[in-house]
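K.L.:
Sharing a structure, written as structure tokens. Questions coming.
The values are calculated or read from the model by the stated rules, or taken from the named source; none is laboratory data. Only a predicted model underlies this, so the values are computations on that prediction, with no experimental measurement involved. Glycine gets a Cβ as well: all are built from the backbone with ideal geometry, and neighbour counts include every protein chain shown.
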Amino acid sequence: MRFLVVAILCFFWVCPVQAKHKHHEKYYQEKHCQGTLEYKLPDRTRVDCLTDEYAIEFEFASKWAEAVGQSLYYGLKTSKKPMIALIVESVQDLRYINRVREICDMYGIALWIIEE
């Protein structure tokens, strides 16, 4: 019974977070990736999109800082250049672009802005 209550609470806690986006992250991956989707690394982490040149992390603009770490890690583990595909869905998301651009310039991360 306790498990059921926790599961229901988790469902209501997580669902509103997903509802604020126009599409799931996977939608953008499938639409824009020109390589291997969800490339699995030996440690069971997954690169959102792996091309001949880049290890690409797709992420919503508000989670730009998380994307920085993941892109660097995936680039290191695949010997590819790190790239962030930043998903910008609204005018409010524009505030994150300068933040991530400054970090990307400093650490050599390619930045791709996806505006929907």
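K.L.:
Within region 76-94, which residues are touching a residue at least 24 places away in the same chain (Cβ under 8 Å), of a type outside the set (Lys, Arg) and farther than 15 Å from residue 112 by Cα?
P.N.:
78
K.L.:
Right, something else. Could you list, in sequence order, the residues of region 65-106 that are closer than 17 Å to residue 29 by Cβ and either of a type in the set (Phe, Trp, Tyr) or under 13 Å from the mean Cα position of the chain (by Cα) (or both)?
P.N.:
Listed by number, the residues that qualify are 66, 67, 70, 71, 74, 82, 83, 84, 85, 86, 87, 88.
K.L.:
Here's something else I'd like to know. Given the structure, is residue 109 under 14 Å from the mean Cα position of the chain (by Cα) and in contact (Cβ under 8 Å) with a residue 60 or more places away in the chain?
P.N.:
Considered against the rule, which asks whether it is under 14 Å from the mean Cα position of the chain (by Cα) and in contact (Cβ under 8 Å) with a residue 60 or more places away in the chain, residue 109 comes out as no.
K.L.:
Restricting attention to region 33-49, report how many residues are closer than 27 Å to residue 20 by Cα and of a type in the set (A, V, I, L, M).
P.N.:
2
K.L.:
Kindly check whether there is at least one residue in region 32-51 that is modelled with pLDDT under 55 and not hydrophobic (A, V, I, L, M, F, W, C).
P.N.:
No.
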